[in-house]
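Q: For reference, the structure I am asking about is given below.
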Amino acid sequence: MNGDARLVVENASLRYGALDVLSALSLTVGEREIVSIVGPSGCGKTTLLRCVGGLNQLNGGEIRIDGQRVEKPLPIVSMVFQHFGLFPWKNLWSNIAYGLALKHTPKDEIERRVSAAIELVGLKGFEKSYPHQLSGGMQQRAGLARALVMEPKLLLMDEPFSAIDAQTREQLQFELLRIWDQRPTAMMFVTHSIDEAVLMGDRVVVLAGRPSHVRAVRTVKLPRPRERSVVASSAFIELREQVWHDLFDQPAGNGARVQQ
Ligand SMILES: Nc1ncnc2c1ncn2[C@@H]1O[C@H](COP(=O)(O)OP(=O)(O)O)[C@@H](O)[C@H]1O
Ligand SMILES: [Mg+2]
């Protein structure tokens with residue numbers, strides 16, 4: 001994996017004042033790999049994503065994307081936030097066009113890419129709507145379109161579907177999988193749902209402990225494209241059990257369990 005890793009997190013540590021949040025945390029994400037990250041609330045998942053996104057600085061260790069050390073936000077990385085993070089004063093079109101406009105992208109190219117992104121996430125016809133006029137699910141579609149329009153090499157997703165009702169959430173999971181199938185890129189998918197982690201990921205990284213470190217890495221050997229029926233397969237159910245134990249069993253020794 002290390003040969004063609006897009007993202008390398010090496011021995012990362014971070015503290016907020018006296019609070020040690022991350023310690024000796026290492027992981028990789030391949031060029032066309034979805035790595036799900038699970039861990040208890042408050043274990044530092046958002047903090048880790050913010051560090052990868054260049055929004056927070058580590059106190060120790062290193063993060064590299066395509067070999068480049070992350071010290072500030074990089075244009076090849078896009079992030080989708082749990083609470084959508086749309087500008088309330090901009091309509092859908094302008095929210096999605098914002099990043100391209102900042103980069104002084106030619107107008108006709110903005111036009112083309114924004115239309116394509118809106119179409120891709122199924123929001124055609126809502127271009128002039130403001131965020132408060134959209135449901136949670138639609139706002140998160142917009143958040144996704146805003147990230148995808150930048151054609152990132154690494155997509156960071158921070159519990160993107162956790163503020164959305166269960167039915168819409170399931171729909172969005174499969175839509176995201178379809179979008180990814182069309183153009184596979186590196187993705188870090190943070191979730192607190194074990195099922196969602198297994199459904200989306202090629203690997204599941206389990207964070208635990210205080211400060212957080214990698215307790216286990218599980219490879220998801222489920223076929224792609226992922227169909228709805230996969231959740232009833234014995235492979236899915238076994239893996240879900242495994243990750244549950246990784247999360248909740250008290251580990252012996254240093255607790256590191258890495259499946260080969
Ligand atoms: N800006 C901050 N300043 C101080 N403490 C913070 C800050 N952001 C998060 N924390 C603390 O760091 C820990 C990890 O937070 P977070 O990364 O949000 O966890 P998660 O996303 O896994 O729920 C929590 O204890 C949280 O209270
Ligand atoms: Mg969080």
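The values are calculated or read from the model by the stated rules, or taken from the named source; none is laboratory data. None of the values given here were measured: they were computed from a predicted structure. Positions of Cβ are backbone-derived with ideal geometry, glycine not excepted, and every protein chain shown enters the neighbour counts.
The rows are residues; the columns are (1) closer than 23 Å to SER36 by Cα; (2) in a helix (DSSP H, G or I).
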| site | (1), (2) |
| --- | --- |
| TYR98 | no, yes |
| ILE110 | no, yes |
| GLY122 | no, no |
| GLY125 | no, no |
| PRO152 | yes, no |
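Q: Go through ALA235, ALA142, ALA147 for me and flag whichever is away from ligand 2 (no atom under 16 Å from the Cβ), touching a strand residue (DSSP E or B) at 6+ places or on another chain (Cβ under 6 Å), part of a helix (DSSP H, G or I) and of a type in the set (Gly, Ala, Ser). Spell out how you get there, then give the answer.
A: Numbers: ALA235 fails: touching a strand residue (DSSP E or B) at 6+ places or on another chain (Cβ under 6 Å); ALA142 fails: touching a strand residue (DSSP E or B) at 6+ places or on another chain (Cβ under 6 Å).
On inspection, the qualifying residue turns out to be ALA147.
Q: Among residues belonging to the stretch 22-46 that are of a type in the set (A, V, I, L, M), within 15 Å of ligand 1 (Cβ to nearest atom) and closer than 23 Å to ILE179 by Cβ, point out the one that is nearest to the chain's Cα centre (by Cα).
A: For the stretch 22-46, the residue satisfying everything is ILE37.
Q: When you check ALA101 against the structure, is it free of Cβ contacts under 8 Å to residues at least 60 places away in the same chain and surrounded by fewer than 22 Cβ atoms within 10 Å (Cβ to Cβ), yes or no? Can you show your working first?
A: Numbers: free of Cβ contacts under 8 Å to residues at least 60 places away in the same chain: yes; surrounded by fewer than 22 Cβ atoms within 10 Å (Cβ to Cβ): yes.
For ALA101, the condition - free of Cβ contacts under 8 Å to residues at least 60 places away in the same chain and surrounded by fewer than 22 Cβ atoms within 10 Å (Cβ to Cβ) - is met.
Q: Pick out the one residue from PRO225, PRO211, PRO152 that is of a type outside the set (S, T, N, Q) and within 16 Å of ligand 1 (Cβ to nearest atom).
A: Sole residue among the options that is of a type outside the set (S, T, N, Q) and within 16 Å of ligand 1 (Cβ to nearest atom): PRO211.
Q: I've got another one for you. Can you spot a residue in the stretch 124-141 that is surrounded by 21 or more Cβ atoms within 10 Å (Cβ to Cβ) and within 16 Å of ligand 1 (Cβ to nearest atom)?
A: No, every residue in the stretch 124-141 fails to be surrounded by 21 or more Cβ atoms within 10 Å (Cβ to Cβ) and within 16 Å of ligand 1 (Cβ to nearest atom).
Q: Now for a separate question. Kindly indicate whether LEU7 is modelled with pLDDT of 95 or more, of a type outside the set (Ser, Thr, Tyr), surrounded by 16 or more Cβ atoms within 10 Å (Cβ to Cβ) and under 19 Å from LYS153 (Cα atoms).
A: yes
Q: PHE84 is checked against (1) under 19 Å from the mean Cα position of the chain (by Cα); (2) at pLDDT 95 or above and fails just one. What number does that condition carry?
A: Single failed check for PHE84: (2).
Q: Separate question: Which pairs turn up if I take residues in the stretch 238-249 that are over 16 Å from SER41 (Cα atoms) and look for partners that are not charged (D, E, K, R) with beta carbon separation below 6 Å, at least 6 apart in sequence or on another chain?
A: LEU239/VAL198; ARG240/ILE194; ARG240/VAL198
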